[in-house]
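Participant: Let me begin by handing over the structure; questions about it come next.
The values are calculated or read from the model by the stated rules, or taken from the named source; none is laboratory data. Owing to the predicted nature of the structure, the values given are computational and were not obtained by experimental measurement. Cβ: placed from backbone, ideal geometry, glycine included. Neighbour counts: every protein chain shown. Protein only, heavy atoms only, side chains kept; ligands, DNA and RNA dropped before computing areas. Shrake-Rupley method; radii C 1.70, N 1.55, O 1.52, S 1.80 Å.
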Amino acid sequence: MADYDVIIIGGGPGGYVCAIRCAQLGLKTACVEGRETLGGTCLNVGCIPSKALLHASHSLHEAEHNFAKMGLKGKSPSVDWKEMLAYKDDVIGQNTKGIEFLFKKNKVDWLKGWGSIPAAGQVKVGDDVHNAKNIVIASGSEPSSLPGVEVDEKIVVTSTGALELPKIPKKMVVIGAGVIGLEMGSVYARLGSEVTVVEYLDMITPGMDKDLAKTFQRSLKKQGLNFVMGAAVQNVDAKKTKATVNYKLRKDDSDHSIDADVVLVATGRRPFVDGLGLEAAGVKMTERGQIATDHWKTSVDGIWAIGDVIEGPMLAHKAEDEGMAVAEVIAGQAGHVNYDVIPSVVYTAPEVASVGKTEEQLKDEGRDYKIGKFSFMGNGRAKAMFQGEGFVKILADKDTDRVLGVHIIGPAAGDLIHEACVLMEFGGSAEDLARTCHAHPTFSEAVREAALACGDGAIHA
């Protein structure tokens, strides 16, 4: 068997990025992946296919609701679900083949199969044992369910099953009002499903700035999504073609039920570490089932861990940053991840994006802050595109004007947030942003206006 400087277990965003960076830094590198394609959950059954369906269903919404307003007359398009799924699969194929090409280009060996660690410095794939000076665990996460809820990926599905339903359901119940549930719920609502979201807490998207979350929920309600908040799901009674979701309302402990053709369980994800042999290898875990790390080092010398298997937000870009940082540390450089500047995005319409502190966190910390807020209704480009809903909210230190958090709901929020990320990475102030010339007419002017609102006031408000 070949000896390697680094073997990465997992070919998802964390793993494949780590492998490519290791190879670029002159390390002999292999990546273990048991799927038929590289890219992990994200490219195969997560971020990328869901964005394809979000784009397709949003295009349908535009045709049905906005085309006629612009003088584009004609019959609304009908939905060919099989064709839409084929488009989604083509997008997956293009992306996963792209990673395979990058492996060849950078001379990364793909060890096909599922990996385990029989001992420090060894990775077993199938019957073969490979030696490695360093092992990086990047095995990602899997959907987690609830007691009393059995997933069959036909009637009761996770996000994986929701991406390949044989037909568009008339009624869908989504358990969990987090990012995945709301994205997939909005896809099916646009395609004509009656969607009800059942959430245990009293607010959607836990951890999001409350101002943002309230506006977001209002927007989704207008789009036809129904919400049952403060509801504890007891069980799901699934039959051949239907299911009944039974829940208790927390406020009065009353019992309720709702019928559906499909139930999407979107109650979060958990680290996927089954079969790795971590216990036998002596790798310490946290109480929450994550791999315990210190600057990505595990408790065993030469074994590292990144991405969804360790603490922190389960986001592909967080895993990518950690993958590059670990590669650089292994190569003798100073790898770094700024965990205070990791954006999060919900790819609904309108998009929702955040980075840094929420207003609630700043209040809890007792920090003096000021708010600059600007509505997209004051943005010419947004109005021209029927996307005036939403706002940009900037939180800056009251004394120093340093930007501490930015929260956006509106058009292209997922792209606009990076203007804030770059600013915050350099410790910039709201005034720095306000004094930077922004092209007109663009959505980005709303970000500048919010920065102006932290000072003497926005111009178009």
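Participant: Give the residue that is most open to solvent (accessible area, probe 1.4 Å), with candidates limited to residues of the stretch 16-35 that are over 11 Å from Ala331 (Cβ atoms) and of a type outside the set (A, V, I, L, M).
Facilitator: Residues of the stretch 16-35 that are over 11 Å from Ala331 (Cβ atoms), as a first pass: 16-20, 28, 30-35.
Imposing the further condition that a residue be of a type outside the set (A, V, I, L, M) reduces the set to 16, 18, 28, 31, 33-35.
Details: Tyr16: 31, Cys18: 0, Lys28: 98, Cys31: 0, Glu33: 13, Gly34: 22, Arg35: 79 Å².
Within the stretch 16-35, the match that is most open to solvent (accessible area, probe 1.4 Å) is Lys28.
Participant: With the requirement that a residue be out of contact with any Ser or Thr (no Cβ under 7 Å at 6 or more places or on another chain) and either modelled with pLDDT under 95 or open to solvent by less than 20 Å² (accessible area, probe 1.4 Å) (or both), what does the stretch 360-395 give you?
Facilitator: Of the stretch 360-395, the ones out of contact with any Ser or Thr (no Cβ under 7 Å at 6 or more places or on another chain) are 360-380, 382-388, 392-395.
Scanning the stretch 360-395 gives Leu362, Gly372, Phe374, Phe376, Asn379, Ala382, Gly388, Val392, Lys393, Ile394, Leu395.
Participant: Then there's this: Kindly provide the set of residues from the stretch 431-450 that are surrounded by fewer than 18 Cβ atoms within 10 Å (Cβ to Cβ) and either of a type in the set (Asp, Glu) or within 15 Å of Lys393 (Cβ to Cβ) (or both), ordered by number.
Facilitator: Applying the first criterion (surrounded by fewer than 18 Cβ atoms within 10 Å (Cβ to Cβ)) to the stretch 431-450 yields 431-432, 435-442.
Scanning the stretch 431-450 gives Glu431, Asp432.
Participant: Continuing with the same structure: Among the strands (runs of 3 or more DSSP E) confined wholly to the stretch 100-146, which include 1 or more residues that are under 17 Å from Asp308 (Cα atoms), open to solvent by less than 30 Å² (accessible area, probe 1.4 Å) and aliphatic (A, V, I, L, M)?
Facilitator: Numbers: elements: 109-112, 115-119, 122-125, 128-137, 141-143.
Result: 128-137.
Participant: Within the set of pairs 6+ apart or on separate chains, which have a first residue in the stretch 192-221 that is over 30 Å from Ser78 (Cβ atoms) and of a type in the set (A, V, I, L, M, F, W, C), a second that is open to solvent by 20 Å² or more (accessible area, probe 1.4 Å) and part of a helix (DSSP H, G or I), and C-beta atoms under 6 Å apart?
Facilitator: Going by the 6 Å Cβ cut-off, the qualifying pairs are Ile204/Gln217.
Participant: For the stretch 58-65, does any single residue satisfy the condition of being open to solvent by 50 Å² or more (accessible area, probe 1.4 Å), part of a loop (DSSP other than H, G, I, E, B) and more than 29 Å from Asp274 (Cβ to Cβ)?
Facilitator: Scanning the stretch 58-65 turns up no residue that is open to solvent by 50 Å² or more (accessible area, probe 1.4 Å), part of a loop (DSSP other than H, G, I, E, B) and more than 29 Å from Asp274 (Cβ to Cβ).
Participant: Let me ask another. Within the stretch 147-161, does at least one residue satisfy the condition of being at positive phi, more than 19 Å from the chain's Cα centre (by Cα), open to solvent by 10 Å² or more (accessible area, probe 1.4 Å) and touching a residue at least 12 places away in the same chain (Cβ under 8 Å)? Before you say what the answer is, go through the steps one by one.
Facilitator: Here is the first cut: in the stretch 147-161, the residues at positive phi are 148, 153.
After this cut, where a residue has to be more than 19 Å from the chain's Cα centre (by Cα) as well, the list is 148, 153.
In the following step, the residues that additionally are open to solvent by 10 Å² or more (accessible area, probe 1.4 Å) were identified as 148, 153.
In the following step, the residues that additionally are touching a residue at least 12 places away in the same chain (Cβ under 8 Å) were identified as 148.
Yes, some residue in the stretch 147-161 is at positive phi, more than 19 Å from the chain's Cα centre (by Cα), open to solvent by 10 Å² or more (accessible area, probe 1.4 Å) and touching a residue at least 12 places away in the same chain (Cβ under 8 Å).
Participant: Would you call Leu38 hydrophobic (A, V, I, L, M, F, W, C), open to solvent by less than 20 Å² (accessible area, probe 1.4 Å) and over 30 Å from Lys75 (Cβ atoms)? Break it down stepwise before answering.
Facilitator: Numbers: hydrophobic (A, V, I, L, M, F, W, C): yes; open to solvent by less than 20 Å² (accessible area, probe 1.4 Å): yes; over 30 Å from Lys75 (Cβ atoms): yes.
Answer is yes for this residue.
Participant: Could you tell me whether the stretch 344-356 includes any residue that is among the acidic types (Asp, Glu) and in contact with an Asp or Glu (Cβ under 7 Å, 6 or more places away or on another chain)? Spell out the reasoning first.
Facilitator: Narrowing the stretch 344-356 to residues among the acidic types (Asp, Glu): 351.
This time we only want the ones that are in contact with an Asp or Glu (Cβ under 7 Å, 6 or more places away or on another chain), so: none.
For the stretch 344-356, residues among the acidic types (Asp, Glu) and in contact with an Asp or Glu (Cβ under 7 Å, 6 or more places away or on another chain): absent.
Participant: May I ask you to list the residues in the stretch 402-430 that are open to solvent by 20 Å² or more (accessible area, probe 1.4 Å) and assigned to a loop (DSSP other than H, G, I, E, B)?
Facilitator: Across the stretch 402-430, the qualifying residues are Ala412, Phe426, Gly427.
Participant: Continuing with this model, one more query. Go through the stretch 214-258 and give me each residue that's open to solvent by 50 Å² or more (accessible area, probe 1.4 Å) and either β-branched (Val, Ile, Thr) or under 24 Å from the mean Cα position of the chain (by Cα) (or both).
Facilitator: Filtering the stretch 214-258 down to residues open to solvent by 50 Å² or more (accessible area, probe 1.4 Å) leaves 214, 218, 221-223, 226, 234-235, 237, 239-242, 248, 250-253, 255-257.
The answer is Lys214, Arg218, Lys221, Lys222, Gln223, Asn226, Thr241.
Participant: Are any residues in the stretch 242-254 farther than 18 Å from Val195 by Cβ and in contact (Cβ under 8 Å) with a residue 12 or more places away in the chain, and if so, which ones? Full working, then the answer.
Facilitator: Here is the first cut: in the stretch 242-254, the ones farther than 18 Å from Val195 by Cβ are 246, 248-254.
Selection gives Asn246, Lys248, Leu249, Arg250, Lys251.
Participant: Name the single residue that is surrounded by the most Cβ atoms within 10 Å (Cβ to Cβ) among those in the stretch 170-180 being more than 15 Å from Met208 (Cα to Cα) and either in contact with a Leu (Cβ under 9 Å, 6 or more places away or on another chain) or acidic (Asp, Glu) (or both). Show your work before the answer.
Facilitator: First, pick out the residues of the stretch 170-180 that are more than 15 Å from Met208 (Cα to Cα): 170-175.
Imposing the further condition that a residue be either in contact with a Leu (Cβ under 9 Å, 6 or more places away or on another chain) or acidic (Asp, Glu) (or both) reduces the set to 172-175.
On the way: Met172: 26, Val173: 28, Val174: 32, Ile175: 24.
Looking at residues that are more than 15 Å from Met208 (Cα to Cα) and either in contact with a Leu (Cβ under 9 Å, 6 or more places away or on another chain) or acidic (Asp, Glu) (or both), I get Val174.
Participant: Could you list, in sequence order, the residues of the stretch 295-310 that are under 15 Å from the mean Cα position of the chain (by Cα) and open to solvent by 10 Å² or more (accessible area, probe 1.4 Å)?
Facilitator: Once the filter is applied, which keeps residues that are under 15 Å from the mean Cα position of the chain (by Cα) and open to solvent by 10 Å² or more (accessible area, probe 1.4 Å), the stretch 295-310 yields only Asp308.
Participant: Mind checking which pairs have a first residue in the stretch 81-109 that is farther than 29 Å from Ser59 by Cβ and a second that is basic (Lys, Arg) and surrounded by fewer than 18 Cβ atoms within 10 Å (Cβ to Cβ), Cβ under 9 Å, 6 or more apart or different chains?
Facilitator: Lys107/Lys28; Asp109/Lys28
Participant: List pairs: first residue in the stretch 402-416 and in contact (Cβ under 8 Å) with a residue 24 or more places away in the chain, second residue of a type in the set (Asp, Glu) and not in a strand (DSSP E or B) anywhere in the structure, Cβ distance under 6 angstrom, at least six positions apart or on different chains.
Facilitator: Cβ pairs passing all conditions: His407/Asp209.
Participant: Restricting to the stretch 439-461, name every residue that is over 8 Å from Phe374 (Cα atoms) and assigned to a loop (DSSP other than H, G, I, E, B). Let's see the steps before the verdict.
Facilitator: Step one: of the stretch 439-461, the residues over 8 Å from Phe374 (Cα atoms) are 439-445, 448, 451-452, 454-457, 459-460.
Across the stretch 439-461, the qualifying residues are Ala439, His440, Pro441, Thr442, Phe443, Ser444, Cys454, Gly455, Asp456, Gly457, Ile459, His460.
Participant: Among the residues of the stretch 438-453, is any more than 14 Å from Gly380 (Cα to Cα), modelled with pLDDT of 95 or more and out of contact with any strand residue (DSSP E or B) (no Cβ under 9 Å at 6 or more places or on another chain)?
Facilitator: Step one: filter the stretch 438-453 for residues more than 14 Å from Gly380 (Cα to Cα), giving 450-453.
The next check asks that each one be modelled with pLDDT of 95 or more; those that pass are 450-453.
If we keep only those that are out of contact with any strand residue (DSSP E or B) (no Cβ under 9 Å at 6 or more places or on another chain) as well, we get none.
No, the stretch 438-453 contains no residue that is more than 14 Å from Gly380 (Cα to Cα), modelled with pLDDT of 95 or more and out of contact with any strand residue (DSSP E or B) (no Cβ under 9 Å at 6 or more places or on another chain).
Participant: What is the residue count in the stretch 369-383 for residues that are free of Cβ contacts under 8 Å to residues at least 60 places away in the same chain and under 19 Å from Gly457 (Cα atoms)?
Facilitator: First, the residues of the stretch 369-383 that are free of Cβ contacts under 8 Å to residues at least 60 places away in the same chain: 369, 377, 383.
Add one more test, that the residue is under 19 Å from Gly457 (Cα atoms), and what stays is 369, 377.
Selection size over the stretch 369-383: 2.
Participant: In the stretch 193-213, how many are under 16 Å from Gly224 (Cα atoms) and open to solvent by 60 Å² or more (accessible area, probe 1.4 Å)?
Facilitator: Within the stretch 193-213, the subset under 16 Å from Gly224 (Cα atoms) is 193-198, 204.
Cutting the leftovers down to open to solvent by 60 Å² or more (accessible area, probe 1.4 Å) gives us 194.
Here the count works out to 1.
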